[in-house]
Amino acid sequence: MQAQEKKPSYSFESYNALGWLGGDQTVHGLIQSVNGVSLGPVFAGAGLGLDFYRVRSVPLFFDLRYRYGKGKNKWLAYGDAGYHFPWDKGNDILLTGGSEQSFDGGFYFDAGVGYQLQLAKKGALFFTAGYSEKRMSEWVTVIPFCPGPGLCEPRTDYIDYTFRRYAFKIGWKF
């Protein structure tokens, strides 16, 4: 007689966190919500957040987590990858002696480890520490003050940023 095979059990989970991003002599906050499906110790989902580091942006990313350990409390490792969109595209002040500034989003990455404390049947408090990176570009066009129209040429500068920072999060999983 053969044992009956147990079908895999999928479940919906949501990880919601507040955190701090520190790097380059500055600290800023973050808010994230990651929702997806778990199968045993593996979780896969999509996340959306608000990142206040240097230039406020909205990261949209895929999240993969692995929980390990015996008992109800678990260690976890996570990795996120996606794109972040600038919250504010810039300003448009193209008068004589003015400037125009605009931002473009870019690659977003976050990876780390943490601990999950099971405090309710479906709820857990979690803490994570990791490394995060966001890339973006800035375009600045400066129109110098000129004595007459058409006498001065505007100058455009293009700047690429890579913000490398430590990420610390605390949140609730349900």
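The values are calculated or read from the model by the stated rules, or taken from the named source; none is laboratory data. Given the structure is predicted, the values throughout are model-derived calculations rather than measurements. Glycine also receives a Cβ, built like all others from the backbone with ideal geometry; neighbour counts cover every protein chain displayed.
Here is how the numbers come out for the structure above:
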| quantity | calculated |
| --- | --- |
| Positions within segment 108-155 being aliphatic (A, V, I, L, M) and loosely packed, with under 14 Cβ neighbours inside 10 Å, in sequence order | Val113, Leu117, Leu119, Ala120, Ala129, Leu151 |
| Flag if Asp110 is modelled with pLDDT under 90 and closer than 22 Å to Asp51 by Cα | no |
| Residues that are acidic (Asp, Glu), modelled with pLDDT under 90 and in contact with a Lys or Arg (Cβ under 9 Å, 6 or more places away or on another chain), drawn from segment 1-38 | Asp24 |
| Residue satisfying all of: in segment 82-106; surrounded by fewer than 15 Cβ atoms within 10 Å (Cβ to Cβ) and not in a loop (DSSP other than H, G, I, E, B); modelled with the highest pLDDT among these | Asn91 |
| Any chance Tyr15 is assigned to a loop (DSSP other than H, G, I, E, B), crowded, with 19+ Cβ neighbours inside 10 Å and of a type outside the set (Val, Ile, Thr) | no |
| Residue list for segment 52-71, filter: without any contact (Cβ under 8 Å) to a residue 24 or more places away in the chain and in a loop (DSSP other than H, G, I, E, B) | Gly69, Lys70, Gly71 |
| Residues being surrounded by 14 or more Cβ atoms within 10 Å (Cβ to Cβ) and at pLDDT below 95 - total across segment 71-81 | 2 |
| Subset of segment 45-91 [closer than 11 Å to Met136 by Cβ and hydroxyl-bearing (Ser, Thr, Tyr)] | Tyr53, Ser57, Tyr83 |
| Whichever residue in segment 125-173 is of a type in the set (Phe, Trp, Tyr) and without any contact (Cβ under 8 Å) to a residue 40 or more places away in the chain and, among such residues, is nearest to Tyr15 (Cα to Cα) | Tyr131 |
| Condition met for Ser33 (surrounded by 14 or more Cβ atoms within 10 Å (Cβ to Cβ), touching a Ser or Thr at 6+ places or on another chain (Cβ under 6 Å) and in a strand (DSSP E or B)) | no |
